[in-house]
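Notes to accompany the following structure.
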Amino acid sequence: MSEQKPYVSPETNEEVDTLDDSGCSLVLWNDDVHTFDYVIKALVDICRHTEEQAEQCAILVHCHGKCAVKHGSYSELLPMHQALLDKQLTTEIQE
């Protein structure tokens, strides 16, 4: 993967940070409310995980408190993030 170089404005000759939209992660946080089966079904339905992937993510969330369940651009992850929030699961998109 190539490293993104900052944009240099020709008028000011200053570097301007640009957002690398492809390096985001959808992180699912642990809670004491939802069952493994509920979380697994949500990951299969919303994130299009296989049963095995969803189960592994649920175990990681349980053991480590959180897990990056999907990677991609912010715009790809945003609908999944919102759908998981609608199911009362705690998620966030991280760069």
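Assorted remarks:
- Residue that is surrounded by the most Cβ atoms within 10 Å (Cβ to Cβ) [pool: residues in the stretch 29-77 that are in a helix (DSSP H, G or I) and touching a strand residue (DSSP E or B) at 6+ places or on another chain (Cβ under 7 Å)]: 43
- In the stretch 78-95, the residues that are outside any helix (DSSP H, G or I) and either touching a residue at least 60 places away in the same chain (Cβ under 8 Å) or touching a strand residue (DSSP E or B) at 6+ places or on another chain (Cβ under 6 Å) (or both): 89, 90, 91, 92, 93, 94, 95
Each reported figure results from applying straightforward, stated rules to the coordinates on display, with no laboratory input. Every value quoted in this text rests on a predicted model; they were computed, and no experiment measured them. Cβ sites come from the backbone with ideal geometry, for glycine too, and all protein chains shown count toward neighbours.
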